[in-house]
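Below you'll find the structure, written out as structure tokens, and then a few comments.
The values are calculated or read from the model by the stated rules, or taken from the named source; none is laboratory data. Quick caveat, the model's predicted, so the values are computed rather than measured. Because the Cβ atoms are built from the backbone with ideal geometry, glycine has one as well, and the counts that use them run over all protein chains shown. Accessible surface is based on the protein model in full, side chains and every heavy atom, while ligands, DNA and RNA are left aside. Shrake-Rupley method; radii C 1.70, N 1.55, O 1.52, S 1.80 Å.
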Amino acid sequence: MGQKSIELFEKAKRLIPGGVNSPVRAFGSVGGTPVFMAQGRGAYLTDVDGNRYLDFNSSWGPLITGHCHPDITAAIHAQVDRALTFGTPTELEVELASWILERLEVPGMEQIRFVSSGTEAVMSALRLARGYTARTHILKFAGCYHGHVDALLVKAGSGLATSGIPDSAGIPEGVSAMTVVVELDDEEALEKAFQEYGDRLAAAIIEPVPANNGLLLQRPEFLQKLQKLCKEYGALFILDEVISGFRLGFSGAAHAYNLQPDLVTYGKIIGGGLPVGAFAGRREIFASLAPLGPVYQAGTLSGNPVAMAAGLACLKLLTKELYDHLEDLGQVLDRLDGNWKLVRLGSIFWLYRGELPRRASQIDPAGISAYKELFHRLLAAGIYLAPSGYEVGFLSSPMQKSDVERFIGAVG
Ligand SMILES: *Cc1c(COP(=O)(O)O)cnc(C)c1O
């Protein structure tokens with residue numbers, strides 16, 4: 001561990017709660033001192049002590065084209081020279097909206113609103129669903145994370161599972177009382193929940209590819225069942241594609257699983273590394289959103305031109321060739337075969353022990369504790385994984401087969 005990281009962390013802990021601005025960065029579940037990064041280029045990171053790492057964390061998902069892609073950097077520079085923010089509409093947000101909506105192969109994605117994080121996207125989508133349906137309850141799944149939205153910090157996955165907090169303090173019971181939690185991969189429980197709460201449900205929200213608490217790949221029939229029940233009971237079907245959007249192909253999991261969501265939330269990749277979130281859906285639903293309708297939602301820096309420029313430049317790079325390259329790398333990764341098992345969908349992967357889980361409760365704790373040793377061994381070998389066994393890894397387009405082979409060799 002580098003001396004400079006250790007010193008910076010000591011200073012950070014005095015000034016910033018826990019020394020970090022997002023809890024899972026603190027290395028709480030793997031132990032040791034967080035590495036302070038100084039530079040990224042392509043698939044590689046350099047820390048403040050000059051150590052280099054092959055980066056499988058990808059800033060938790062946004063960096064599908066790696067660090068400092070020249071197109072994204074140039075787009076940001078060009079906008080920075082014009083203005084940072086206006087607080088007025090801009091051409092760039094119209095361009096990004098049309099780039100996305102014209103290309104999304106997901107029925108009903110007619111309008112989109114930009115915000116500044118995935119959390120904000122989910123929070124706003126829920127409020128819109130409640131306002132539009134005039135209902136109160138939300139259904140979510142155990143192990144799915146949807147940002148730190150009050151009503152959804154119930155059985156919410158890795159960051160929480162990691163720090164052993166089942167629910168967050170500071171959330172009144174009345175708020176979480178309107179959240180119905182169901183296990184993933186369990187049609188029977190789902191039917192029961194809809195029978196009991198169906199007429200009060202404003203929406204059901206799911207990560208179609210749950211990737212915040214291990215990678216809990218769902219059977220397509222389960223996702224279809226959820227969609228069917230939502231339609232039957234008049235609840236909006238919300239897909240949280242903050243991780244899967246633009247990663248499993250441009251049209252995300254909605255297209256991959258042939259789903260017809262009422263609303264989709266985006267984040268991470270959509271901003272190309274700058275803070276952007278969004279929610280998209282039918283025009284008829286958005287008619288309820290301010291300034292058109294009674295559901296209020298706003299943001300001083302929403303649609304920020306620098307962030308829009310970065311997002312647009314990033315999304316323009318997402319060609320079929322790029323996804324094919326990531327899939328090729330994935331197929332090399334599939335050869336991993338030793339003490340660890342690998343589950344992968346596109347460029348998202350997860351290392352685990354025991355049986356392949358489809359529910360949070362089925363995750364083998366042996367894998368989570370063994371991950372500490374793996375994490376530090378790989379860190380010492382110049383490979384940076386997320387600092388928690390519950391977190392997934394990401395392939396990025398600057399990676400080469402030799403990078404993936406080195407990773408396989410290091411995992412052992
Ligand atoms: C990361 C994530 C969020 C939260 O996004 P932030 O930008 O961290 O607020 C929400 N939902 C899912 C599925 C995510 O992976």
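A few comments on the model shown:
- Average accessible area per residue (Å²) across the chain - probe 1.4 Å, nucleic acids and ligands excluded: 42 Å²
- Value of relative contact order over the range 71-316, rounded to a whole percent, pairs C-alpha under 8 Å and six or more apart: 30 percent
- For Tyr384, the residues whose amide H sits under 5 Å from its own are Leu54, Asp55, Phe56, ignoring neighbours fewer than 5 places away on the same chain, with H placed 1.01 Å from N.
- Amide N proximity, the range 296-332 versus Ala74 label position 7 Å along Cα-to-Cβ, cut-off under 13 Å: 313-314, 317
- Among beta bridges identified by DSSP and lying wholly in the range 71-316, the antiparallel ones come to about 40 percent.
- Exceeding the 21 Å Cα-Cα cut-off - candidates Lys140/Lys372; Lys155/Lys192; Lys192/Lys231; Lys372/Lys401; Lys341/Lys401: Lys140/Lys372; Lys372/Lys401
- Considering only Ala280, Ala129, Ala290, the mean-square fluctuation computed in a Gaussian network model of the chain, springs between alpha carbons under 10 angstrom, is largest for Ala290.
- Under-5 Å amide H pairs with Gln39, H placed in peptide plane, nonlocal only: Thr46
- With all pairs of separate Cα atoms included, the chain yields a Kirkwood hydrodynamic radius of 21.8 Å.
- Estimated vicinal HN-Hα couplings, Hz - the range 143-148 in sequence order (Karplus 6.51, -1.76, 1.60; Gly, Pro = x): x, 8, 10, 10, x, 8
- Separation of the Ser22 and Val175 label points, Cα + 7 Å toward Cβ, nm: 2.0 nm
- Förster radius 22 Å - calculated FRET efficiency between Leu317 and Thr33 (Cβ-Cβ, nearest 0.05): 0.05
- Surface composition of the chain: carbon plus sulfur atoms hold 52% of the accessible area, using a 1.4 angstrom probe and ignoring ligands, DNA and RNA.
- Taking Leu248, Leu15, Leu226 in turn, the Gaussian network model of the chain (Cα-Cα springs below 10 Å) assigns the largest fluctuation to Leu15.
- Counted over the chain, the DSSP beta bridges are approximately 60% antiparallel.
- Computed E for Gln224/Arg406 - FRET, C-beta separation, R0 35 angstrom, nearest 0.05: 0.35
- Each label point was placed 7 Å from the Cα along the Cα-to-Cβ direction; for Arg103 and Asp334 their separation is 2.6 nm.
- Distances between placed amide hydrogens fall under 5 Å for Ala203 paired with Leu139, Leu236, all partners being 5 or more residues away or on another chain.
- Within the listed set Gln362, Gln111, Gln79, the residue fluctuating most in the Gaussian network model of the chain (springs between alpha-carbon atoms under 10 angstrom) is Gln362.
- Cβ-Cβ FRET estimate between Phe86 and Glu7, R0 fixed at 56 Å, reported to 0.05: 0.90
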